[in-house]
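Colleague: Quick one: the structure is below, questions incoming.
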Amino acid sequence: MRGQGRKESLSESRDLDGSYDQLTDSVEDEFELSTVCHRPEGLEQLQEQTKFTRKELQVLYRGFKNECPSGIVNEENFKQIYSQFFPQGDSSTYATFLFNAFDTNHDGSVSFEDFVAGLSVILRGTIDDRLNWAFNLYDLNKDGCITKEEMLDIMKSIYDMMGKYTYPALREEAPREHVESFFQKMDRNKDGVVTIEEFIESCQKDENIMKSMQLFDNVI
Amino acid sequence: MAAGVATWLPFARAAAVGWLPLAQQPLPPAPEVKASRGDEVLVVNVSGRRFETWKNTLDRYPDTLLGSSEKEFFYDAESGEYFFDRDPDMFRHVLNFYRTGRLHCPRQECIQAFDEELAFYGLVPELVGDCCLEEYRDRKKENAERLAEDEEAEQAGEGPALPAGSSLRQRLWRAFENPHTSTAALVFYYVTGFFIAVSVIANVVETIPCRGPARRPTRDQPCGDRFPTAFFCMDTACVLIFTGEYLLRLFAAPSRCRFLRSVMSLIDVVAILPYYIGLFVPKNDDVSGAFVTLRVFRVFRIFKFSRHSQGLRILGYTLKSCASELGFLLFSLTMAIIIFATVMFYAEKGTSKTNFTSIPAAFWYTIVTMTTLGYGDMVPSTIAGKIFGSICSLSGVLVIALPVPVIVSNFSRIYHQNQRADKRRAQQKVRLARIRLAKSGTTNAFLQYKQNGGLEDSGSGEGQALCVRSRSAFEQQHHHLLHCLEKTTCHEFTDELTFSEALGAVSLDGRTSRSTSVSSQPMGPGSLLSSCCPRRVKRRAIRLANSTASVSRGSMQELDTLAGLRRSPAPQSRSSLNAKPHDSLDLNCDSRDFVAAIISIPTPPANTPDESQPSSPGGGGVSGGRSNPTLRNSSLDTPCFLPETVKISSL
């Protein structure tokens with residue numbers, strides 16, 4: 001649902017006549033990148049598209065713009081931001097998955113609209129919406145079903161965030177075992193993949209999951 | 001964590017939805033967040049300039065003043081803003097730090113002021129952004145160097161303030177390091193300087209050929225060989241002096257190992273060693289060659305002058321600090337010399353009767369050419385040789401010119417620093433004097449206030465007001481504090497003069513002015529002692545109309561005399577009489593009162609000392625002497641002995 005009002009102003013710096021040497025190369029590269037600027041659609045459109053109030057959108061945008069003056073987040077930034085919250089472990093893989101989940105049009109960057117759309121689903125959406133979003137996160141190749149390999153990747157990335165120093169100590173097989181138990185629960189027809197319907201159905205039957213879905217409601 | 005982290009935290013938490021379906025255990029409940037998470041605009045008023053910012057912005061850094069609850073201390077409920085009485089220009093930078101996450105250093109502000117602001121707002125200097133970090137560090141270092149020099153100068157300049165308990169060693173060392181401290185040190189300084197000069201001149205003169213009385217057709221002998229005994233005696237004398245000096249320095253040095261390793265002591269050793277070696281080496285021809293070499297070392301005595309000359313030391317320090325540039329110069333010259341010498345050698349190889357016999361022989365030509373000396377003892381004759389020779393001389397100019405400006409600028413910087421140090425030392429003296437004056441001013445104010453009966457708390461208000469110079473609230477409270485201290489310790493404040501005199505003069509002269517008798521009778525002249533039992537003391541001042549005390553004498557047995565007190569030049573012409581408690585202030589402000597002086601026999605003074613100890617400079621100033629009032633009225637709980645006081649007035 002990307003509106004056509006998306007404005008993009010690219011002001012590329014002129015390429016200097018290619019007489020640079022090692023020292024000045026990187027500086028000029030940075031010049032070019034940083035002049036790309038992206039502005040989101042108007043506040044009203046975003047209000048329609050998402051379930052946030054005007055004030056909430058304002059707060060969100062101010063924070064977003066402060067951190068990313070150019071208006072978009074690319075994968076590197078995203079990883080860096082996310083890694084600040086998990087200093088003990090390596091969160092880069094999971095951050096990549098997250099990035100892909102937010103970047104719905106797969107153009108390699110997350111703009112404010114993507115950001116706010118994702119957050120709207122997670123924080124203000126119905127339970128089904130949220131489950132849908134989670135499924136989308138797990139489904140790495142977006143083919144509609146989660147295979148064991150995909151799940152294993154996700155699980156490993158989550159366990160990576162824990163880092164080395166855990167109690168009890170992290171064993172090699174822990175992700176795999178976790179994946180097995182997950183499939184045990186979710187995979188109804190035991191065909192080795194979990195489809196969206198199976199997923200939603202199984203989650204709705206689980207008390208804990210249902211209860212914890214409300215956990216992050218008041219984050220914003 | 002950085003500023004951005006706080007902004008992204010909601011996002012990270014929201015993204016945790018992805019873990020929910022995978023969780024094997026129930027997740028903990030979310031923390032309670034206070035309802036008013038609404039973003040509000042805070043107004044920060046810094047000396048009248050209003051800054052407005054979102055609360056979130058300030059909350060990004062919770063361990064600073066503005067980000068924590070510490071700012072509530074500055075909240076002004078009436079105006080609804082946070083008021084800081086600080087520099088608004090600096091605050092701009094601080095606030096920008098919250099907004100952008102980078103702390104920039106203002107170029108035109110004093111770095112010390114900036115540091116103070118940072119300290120106030122709870123920001124660590126390490127937060128200064130990379131763009132400004134280097135400049136910030138440089139300026140800070142420069143400041144620190146200057147302050148360190150200040151301290152050094154202060155310590156060095158503290159000539160007279162030698163701790164009383166210093167040993168001979170310390171005094172000796174002081175005398176060596178700072179010849180201006182005492183005359184003996186100065187004499188020693190000049191004597192050693194003289195002998196260094198004598199020694200050096202003797203070394204020089206003994207090589208001059210001098211003619212004998214009879215004309216000799218043979219060669220002239222150098223003077224050293226004509227008058228060997230004379231020169232030997234002179235040499236011995238000088239070496240004895242130098243040895244004595246060295247041993248004395250060694251004895252006086254606070255850290256002997258460090259002294260042994262220092263450059264000056266090495267120079268000393270090298271200066272005197274050849275003599276002793278020469279004494280013990282037998283004069284036969286085998287070793288006389290070595291012996292002659294040793295004599296060369298005697299020239300090192302001239303380096304001993306560097307103790308006497310500041311400029312030499314600066315030069316030496318400059319060379320040391322430019323060591324890397326000098327090293328580079330040497331290295332590049334060596335490279336160039338080798339290259340060009342090789343080239344010249346091979347260029348001139350073919351010629352017969354050439355000077356360029358080998359590459360090392362060509363080194364000499366290269367050096368002479370590169371430094372543009374051009375002696376002309378070796379010249380190339382082939383065309384190729386001439387071409388390379390010209391290239392050599394051109395490049396020599398360049399190579400030598402490169403490091404020289406660095407050395408020069410280093411020297412200039414150090415020299416100017418030194419000038420600054422000298423200037424600062426002079427300023428420091430003035431500054432210290434001013435500080436001392438200010439300090440004594442306060443004390444004198446207190447003492448004067450006491451004399452004027454200001455501490456009399458029984459006196460009637462108006463009467464007191466007339467006599468006592470009006471004081472600011474600060475002064476009042478300060479004086480009250482000092483008064484409390486006096487009461488606590490049963491001692492009184494006095495000034496240096498009275499104190500030192502009290503120490504010296506224990507005996508009493510036959511001059512009195514007042515007594516501390518309970519009955520308000522003036523003591524006759526010649527009466528010395530007053531009571532020795534604790535009792536309430538009335539305070540009175542008897543005015544001797546014709547007393548023109550110029551100097552107050554006497555003092556309390558005062559150990560907390562304020563040192564360095566200057567005598568206040570202000571005439572203290574007022575005194576309050578009280579024969580009785582209530583006529584406290586029969587003021588005759590113009591009358592010159594004598595100064596009641598008390599000399600106390602060393603016993604602990606009463607807590608209500610009778611007389612104060614005003615001082616007055618010689619020559620006409622009169623200090624009215626009065627001490628505290630209201631002893632009669634106040635009940636003295638603390639039994640303190642009265643001082644056995646005798647008042648002496650100087651008439």
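The values are calculated or read from the model by the stated rules, or taken from the named source; none is laboratory data. Remember, predicted model here, so these are calculated numbers, not experimental data. Glycine gets a Cβ as well: all are built from the backbone with ideal geometry, and neighbour counts include every protein chain shown.
Colleague: Do you know which of the residues in the stretch A:160-183 that are assigned to a helix (DSSP H, G or I) and charged (D, E, K, R) is surrounded by the most Cβ atoms within 10 Å (Cβ to Cβ)?
Modeller: Taking the stretch A:160-183 and keeping what is assigned to a helix (DSSP H, G or I), we get A:160, A:174-183.
Those still in the list that are charged (D, E, K, R) too: A:160, A:176-177, A:180.
On the way: A:D160: 17, A:R176: 15, A:E177: 12, A:E180: 14.
So the residue we want is A:D160.
Colleague: Quick check on my filter: what residues within the stretch B:94-105 are more than 13 Å from B:L66 (Cβ to Cβ) and either assigned to a helix (DSSP H, G or I) or aromatic (F, W, Y) (or both)?
Modeller: Answer for the stretch B:94-105, where residues must be more than 13 Å from B:L66 (Cβ to Cβ) and either assigned to a helix (DSSP H, G or I) or aromatic (F, W, Y) (or both): just B:T100.
Colleague: Can you find a residue that is of a type in the set (S, T, Y), part of a helix (DSSP H, G or I) and either at pLDDT 85 or above or within 25 Å of the chain's Cα centre (by Cα) (or both) anywhere in the stretch B:150-167? Outline the logic, then answer.
Modeller: First, the residues of the stretch B:150-167 that are of a type in the set (S, T, Y): B:166-167.
Restricting the remaining residues to those that are part of a helix (DSSP H, G or I) gives none.
There is no residue in the stretch B:150-167 that is of a type in the set (S, T, Y), part of a helix (DSSP H, G or I) and either at pLDDT 85 or above or within 25 Å of the chain's Cα centre (by Cα) (or both).
Colleague: Within the stretch A:103-119, track down each residue that is in contact (Cβ under 8 Å) with a residue 24 or more places away in the chain and either hydrophobic (A, V, I, L, M, F, W, C) or within 10 Å of chain B (Cβ to nearest Cβ) (or both). First the steps, then the outcome.
Modeller: Pass one, the stretch A:103-119, residues in contact (Cβ under 8 Å) with a residue 24 or more places away in the chain: A:105, A:108-113, A:115-117, A:119.
Scanning the stretch A:103-119 gives A:V110, A:F112, A:F115, A:V116, A:A117, A:L119.
Colleague: Of the residues that make up the stretch B:56-68, is at least one aliphatic (A, V, I, L, M), over 30 Å from A:D206 (Cβ atoms) and not in a loop (DSSP other than H, G, I, E, B)? Before you say what the answer is, go through the steps one by one.
Modeller: Residues of the stretch B:56-68 aliphatic (A, V, I, L, M): B:58, B:65-66.
Now drop any that are not over 30 Å from A:D206 (Cβ atoms), which leaves B:58, B:65-66.
Those left that are additionally not in a loop (DSSP other than H, G, I, E, B): B:58.
Yes, there is a match, as at least one residue in the stretch B:56-68 is aliphatic (A, V, I, L, M), over 30 Å from A:D206 (Cβ atoms) and not in a loop (DSSP other than H, G, I, E, B).
Colleague: Taking the stretch B:106-129 only, how many residues are surrounded by fewer than 19 Cβ atoms within 10 Å (Cβ to Cβ) and part of a loop (DSSP other than H, G, I, E, B)?
Modeller: Number satisfying all stated conditions: 8.
Colleague: Any idea which residue in the stretch A:75-91 is surrounded by the most Cβ atoms within 10 Å (Cβ to Cβ), counting only those that are more than 10 Å from every other protein chain (Cβ to nearest Cβ) and touching a residue at least 40 places away in the same chain (Cβ under 8 Å)?
Modeller: A:G89
Colleague: OK, next. Of the residues B:K34, B:K71, B:K55, which is at pLDDT 85 or above, within 14 Å of chain A (Cβ to nearest Cβ) and more than 25 Å from B:D138 (Cα to Cα)?
Modeller: Details: B:K34 fails: at pLDDT 85 or above; B:K71 fails: within 14 Å of chain A (Cβ to nearest Cβ).
When all the criteria are applied, what remains is B:K55.
Colleague: Then there is this: Which number in (1) more than 46 Å from the chain's Cα centre (by Cα); (2) at pLDDT 85 or above; (3) not β-branched (V, I, T) marks the one condition that B:F291 misses?
Modeller: (2)
Colleague: Also: Are there any pairs with C-beta distances below 8 angstrom linking a residue in the stretch B:1-25 that is at the interface with chain A (Cβ under 7 Å from one of its Cβ atoms) to a residue that is assigned to a helix (DSSP H, G or I) and at pLDDT below 80, with the two at least 6 apart or on different chains, and if so which?
Modeller: Qualifying pairs under 8 Å: B:G4/A:N66; B:G4/A:E67; B:T7/A:N66; B:T7/A:E67; B:W8/A:E67.
Colleague: Return the only residue of B:F305, B:F345, B:F340 being touching a Ser or Thr at 6+ places or on another chain (Cβ under 8 Å), part of a helix (DSSP H, G or I) and in contact (Cβ under 8 Å) with a residue 40 or more places away in the chain. Lay out the reasoning, then the answer.
Modeller: Details: B:F305 fails: touching a Ser or Thr at 6+ places or on another chain (Cβ under 8 Å); B:F345 fails: in contact (Cβ under 8 Å) with a residue 40 or more places away in the chain.
On inspection, the qualifying residue turns out to be B:F340.
Colleague: If you check every pair at least six apart or on different chains, which have Cβ atoms under 6 Å apart with a residue in the stretch A:58-69 that is within 12 Å of B:D39 (Cβ to Cβ) first and a residue that is polar (S, T, N, Q) second?
Modeller: Qualifying pairs under 6 Å: A:G63/B:T7.
Colleague: If you check A:E207, A:E201, A:E177, which single one turns out to be of a type outside the set (A, V, I, L, M, F, W, C) and away from chain B (no Cβ under 11 Å)? Reasoning before the result, please.
Modeller: On the way: A:E207 fails: away from chain B (no Cβ under 11 Å); A:E177 fails: away from chain B (no Cβ under 11 Å).
After applying the criteria, what remains is A:E201.
Colleague: So A:K148 fits all but one of (1) without any contact (Cβ under 8 Å) to a residue 60 or more places away in the chain; (2) closer than 23 Å to A:E180 by Cβ; (3) within 10 Å of chain B (Cβ to nearest Cβ); what number is the exception?
Modeller: Of (1) without any contact (Cβ under 8 Å) to a residue 60 or more places away in the chain; (2) closer than 23 Å to A:E180 by Cβ; (3) within 10 Å of chain B (Cβ to nearest Cβ), only one is false for A:K148: (3).
Colleague: Further question on the same structure: Could you list, in sequence order, the residues of the stretch A:129-154 that are in contact with an Asp or Glu (Cβ under 7 Å, 6 or more places away or on another chain), within 15 Å of A:L98 (Cα to Cα) and buried (at least 20 other Cβ atoms within 10 Å of the Cβ)?
Modeller: Selection gives A:Y138, A:D139.
Colleague: State yes or no: is A:T126 without any contact (Cβ under 8 Å) to a residue 12 or more places away in the chain, more than 10 Å from every other protein chain (Cβ to nearest Cβ) and either crowded, with 17+ Cβ neighbours inside 10 Å or under 25 Å from B:W8 (Cα atoms) (or both)?
Modeller: On the way: without any contact (Cβ under 8 Å) to a residue 12 or more places away in the chain: yes; more than 10 Å from every other protein chain (Cβ to nearest Cβ): yes; either crowded, with 17+ Cβ neighbours inside 10 Å or under 25 Å from B:W8 (Cα atoms) (or both): yes.
So A:T126 fits the description; yes.
Colleague: Then there is this: Quick one: would you say B:T293 is surrounded by 15 or more Cβ atoms within 10 Å (Cβ to Cβ), of a type in the set (V, I, T) and at negative phi?
Modeller: Values: surrounded by 15 or more Cβ atoms within 10 Å (Cβ to Cβ): no; of a type in the set (V, I, T): yes; at negative phi: yes.
Spelling it out, it is not the case that B:T293 is surrounded by 15 or more Cβ atoms within 10 Å (Cβ to Cβ), of a type in the set (V, I, T) and at negative phi.
Colleague: So A:W133 clears everything in (1) among the aromatic types (F, W, Y); (2) farther than 30 Å from A:T53 by Cα; (3) not in a loop (DSSP other than H, G, I, E, B) except one condition, right? Which one?
Modeller: Condition not satisfied by A:W133: (2).
Colleague: Here is a follow-up. Taking A:S157 as meeting all but one of (1) crowded, with 19+ Cβ neighbours inside 10 Å; (2) within 18 Å of the chain's Cα centre (by Cα); (3) not in a helix (DSSP H, G or I), write down the number of the exception.
Modeller: (3)
Colleague: Next question. Can you tell me how many residues in the stretch A:48-69 are away from chain B (no Cβ under 14 Å) and either surrounded by fewer than 16 Cβ atoms within 10 Å (Cβ to Cβ) or part of a loop (DSSP other than H, G, I, E, B) (or both)?
Modeller: Residues that pass the stated criteria total 1.
Colleague: Among what's in the stretch A:184-198 and is away from chain B (no Cβ under 12 Å) and surrounded by fewer than 13 Cβ atoms within 10 Å (Cβ to Cβ), pick the residue that is nearest to B:P21 (Cα to Cα).
Modeller: A:E197
Colleague: Here's something else I'd like to know. Is there a residue being surrounded by 14 or more Cβ atoms within 10 Å (Cβ to Cβ), closer than 30 Å to A:T126 by Cα and either β-branched (V, I, T) or within 14 Å of chain A (Cβ to nearest Cβ) (or both) anywhere in the stretch B:78-98? Before you say what the answer is, go through the steps one by one.
Modeller: Going residue by residue through the stretch B:78-98, those that are surrounded by 14 or more Cβ atoms within 10 Å (Cβ to Cβ) are B:81-84, B:86-95, B:97-98.
With the extra rule that they be closer than 30 Å to A:T126 by Cα, the set shrinks to none.
Looking through the stretch B:78-98, none of the residues is surrounded by 14 or more Cβ atoms within 10 Å (Cβ to Cβ), closer than 30 Å to A:T126 by Cα and either β-branched (V, I, T) or within 14 Å of chain A (Cβ to nearest Cβ) (or both).
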